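A short worksheet on the structure shown next.
Each value in this text was obtained by applying a stated rule to the coordinates, not by laboratory testing. This is a predicted model, so every value here is computed, not measured. Here the Cβ positions follow ideal geometry from the backbone for every residue, glycine too, while neighbour counts run over all protein chains shown.
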Ligand code: ADP
Ligand code: MG
Ligand code: MG
């Protein structure tokens, strides 16, 4: 197994409420940089039983283990292993070098061209679909949990701290832990909800945020009933895609497996009459 002594710990690269992320290098294989996410163990932490482990495993680790088996997805941060002691769980992650969070990237960018947005969204959708296929509902997708490398603009989804397993049963809205402004309306209605349409709502949110450099919805009222403000320069296809992701009834929302077939992703193909 791994030990914290195997690593030379470097700079702090991120800080959350219950943990810190450091860059580190593995002492024996000097060149290999990793990110160490140190999570303080708390009483209310969720633990899950998983195959091949005698003891329950912290949910964040358990969900990352589901994504770990080959083939992996290049748009999800790779999870190498974890270290556990009395007080902390330490995730050993791929280090995304010279990256910004999508939040920082949008703050520092004057305007994102639709072609660039399309490249980012294709990668984001690949990550989301991969999670869905592996039975993982991320549950906390927002622009600070998406990394974008500079200058290649490779996208990596991070932070599975609110993730839940997708089973044959719908998810319970009282178990949703993600950021308020990113919550789908069916979760706010306190109904049981399905992961796939909830993911599509998130796809709409991320696309909206990339194109407008602000959030689509700022409060519960607007998520449930409000209309979105749209830039005049947005293409008709882009607006149509966003609108189809924001259909409030999840039954009528665009389906996850059809998102990439939308006209906006196929700009050179002729418009259907
Ligand atoms: P939290 O659960 O506390 O929100 P995150 O997993 O989101 O923790 O990490 C916090 C921040 O650390 C991120 O927003 C990002 O800036 C940085 N970060 C996390 N993981 C990595 C990584 N693998 N490579 C580079 N930066 C990272
Ligand atoms: Mg986070
Ligand atoms: Mg988190």
- Taking a ≥ b ≥ c as the square roots of the eigenvalues of the Cα gyration tensor, with a/c under 1.5 meaning rounded and otherwise prolate when a/b exceeds b/c and oblate if not, region 12-74 is oblate
- Measure nothing but the geometry: give the 0 to 90° angle between the long axis through the Cα atoms of 114-133 and the longest principal axis through the Cα atoms of the chain, rounded to 10°. 60 degrees
- Task: Once you've got the GNM for the chain with C-alpha springs shorter than 10 Å, pick whichever of 74, 184, 250 has the biggest mean-square fluctuation.
- Result: 74
- Task: Pop a pseudo-label 7 angstrom from the Cα along the beta-carbon direction at both residue 27 and residue 224 and give the gap in nm to one decimal.
- Result: 5.6 nm
- Within the set 212, 257, 168, GNM on the chain using Cα springs under 10 Å gives the largest fluctuation to 168
- Column: log10 I(q)/I(0), Debye, Cα scatterers of region 139-190, q = 0.15, 0.30 Å⁻¹: -0.51, -1.20
- Per 10 Å bin, what percent of the C-alpha pairs of region 96-234 does each bin hold, from zero upward? 12, 43, 34, 11, 0
- Among 258, 147, 120, which one shows the biggest mean-square fluctuation in a GNM of the chain, springs joining Cα atoms closer than 10 Å? 258
- Message: Could you tell me the ratio Rg/Rh of region 193-244? Both radii from Cα atoms, Rh via Kirkwood.
- Response: 0.96
- Message: If R₀ is 22 angstrom, what is the calculated FRET efficiency for the pair residue 190 and residue 234, using the beta carbon separation as r and rounding to 0.05?
- Response: 0.10
- Query: Given region 1-158 reduced to its alpha-carbon atoms as identical point scatterers, what log10 I(q)/I(0) does the Debye formula return at q = 0.12 Å⁻¹?
  - Reply: -0.56
- Quick numbers on region 65-175, Rg and Dmax over C-alpha atoms in Å, give 15.2, 48
- Between the helical axis of 195-212 and the dominant principal axis of the chain, each derived from Cα atoms, what acute angle in degrees is found, rounded to the nearest 10? 70 degrees
- Spin-label point model (7 Å from Cα, Cβ direction): what's the residue 251 to residue 87 distance in nm? 5.2 nm
- Query: Relative to the present Cα-Cα distance, how much length would full extension add between residue 177 and residue 98 at 0.36 nm per residue of separation?
  - Reply: 25.5 nm
- Translational D (Stokes-Einstein, µm²/s) of the chain at 20 °C and 1.002 mPa s when Rh comes from the Kirkwood sum over C-alpha pairs? 109 µm²/s
- Task: Please give the calculated 222 nm ellipticity per residue for the chain, where each DSSP H segment of at least 4 residues contributes -39500 (n - 2.57) and the sum is spread over every residue; nearest 500 deg cm²/dmol?
- Result: -8000 deg cm²/dmol
